Amino acid sequence: MFAQHRDRFVRQLAETLGCDPAAFETDMLTVVERPAASREPFIALVATLGTGTVLSVDARFFDFARSQTIEPHFRAFHSAAFAQPLVEEGKARGIALAWRGPNLAFIPASAPPEFVLPDGFEARSVGREWRAQYLESRLFENGLGEPGNTYVEQFWRSAIVAFGADGEPAALAGTYDDGEGLLEIGVEVARPFRGIGLANAVVARQAAAILAAGATPTYYCAPTNIRSQRTASACGLVPVASRLVVSAVKGA
């Protein structure tokens, strides 16, 4: 199961970066130019599946990236080795940049368990009309997206929500188009309802729905977000890749 979903994930990641999928197996650093048609608006994206490292960079900074000495290849994930020097290079050119990550990417290794919701809760699937009611509150930003973010707006698809006895949402797992055949899960639990199993319940239900539709659920979190990693693991998701992103600062 893992191999099947890994192949799909790798193909999409390689397309986003503009590299040959084989570059991930080289045990070296591969620097490529970001495709103009890439679905992600990054300035630079560093990715690994655990063997080779690929660095995809905007054409304006391609020569700069190639000029950097990064050894061994996985040091590209150390901010001092590439991300921060790129930020400084952008500053010198009058372009405000910021780096974020690295993060972990998860895909399924087994079918998600069927978690029973606590007494008094029920789960339902909702769409954009329901989302619009809660978007501005930012209560469920990880699962519904950031208000005014046009990039997220085009990729958000649906959510499975756990409602309390009062009919109000307590937790949700939203989905985002993550590339061909991939749907990213973003989970959020309202603070008063944390620690009672709602995250596992909504993520597992969402992962099962995605798998039933013939797609691959993906899930991302920081290496420091231990709670989120435990949720992924409980729902049959395992790490497949790590990524670091350098982006243009909004409004700068």
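The table below lists the values:
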| quantity | calculated |
| --- | --- |
| Residue in region 146-162 that is farthest from residue 122 (Cα to Cα), counting only those that are in contact with a Gly (Cβ under 7 Å, 6 or more places away or on another chain) and in contact (Cβ under 8 Å) with a residue 24 or more places away in the chain | 152 |
| Single residue of region 128-157 satisfying the filter (small (Gly, Ala, Ser) and open to solvent by less than 30 Å² (accessible area, probe 1.4 Å)) that is farthest from residue 198 (Cα to Cα) | 145 |
| Subset of region 56-91 (residues that are in a helix (DSSP H, G or I), open to solvent by 40 Å² or more (accessible area, probe 1.4 Å) and closer than 21 Å to residue 103 by Cα) | 74, 75, 84 |
| Selection count where residues are surrounded by fewer than 21 Cβ atoms within 10 Å (Cβ to Cβ), more than 15 Å from the chain's Cα centre (by Cα) and either over 30 Å from residue 91 (Cα atoms) or aliphatic (A, V, I, L, M) (or both), scope region 32-54 | 5 |
| Residue in region 187-209 that is exposed (fewer than 14 other Cβ atoms within 10 Å of the Cβ), in contact with a Pro (Cβ under 9 Å, 6 or more places away or on another chain) and modelled with pLDDT of 95 or more present | no |
| Some residue of region 114-121 being touching a Cys at 6+ places or on another chain (Cβ under 9 Å) and either in contact (Cβ under 8 Å) with a residue 60 or more places away in the chain or more than 20 Å from residue 220 (Cβ to Cβ) (or both) | yes |
| Within region 141-157, tally of residues that are more than 21 Å from residue 251 (Cβ to Cβ) and in contact with a helix residue (DSSP H, G or I) (Cβ under 6 Å, 6 or more places away or on another chain) | 1 |
| Check on residue 23, open to solvent by less than 60 Å² (accessible area, probe 1.4 Å) and within 19 Å of residue 249 (Cα to Cα) | no |
| Among residues of region 132-145, those that are touching a residue at least 40 places away in the same chain (Cβ under 8 Å) and among the charged types (D, E, K, R), counted | 1 |
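The values are calculated or read from the model by the stated rules, or taken from the named source; none is laboratory data. Keep in mind it's a predicted model, so treat the numbers as computed, not measured. Note that we place each Cβ from the backbone using ideal geometry, even for glycine, and neighbour counts take in every protein chain shown. Calculation scope for accessible area: heavy atoms of the full protein, side chains included, ligands and nucleic acids excluded. Shrake-Rupley method; radii C 1.70, N 1.55, O 1.52, S 1.80 Å.
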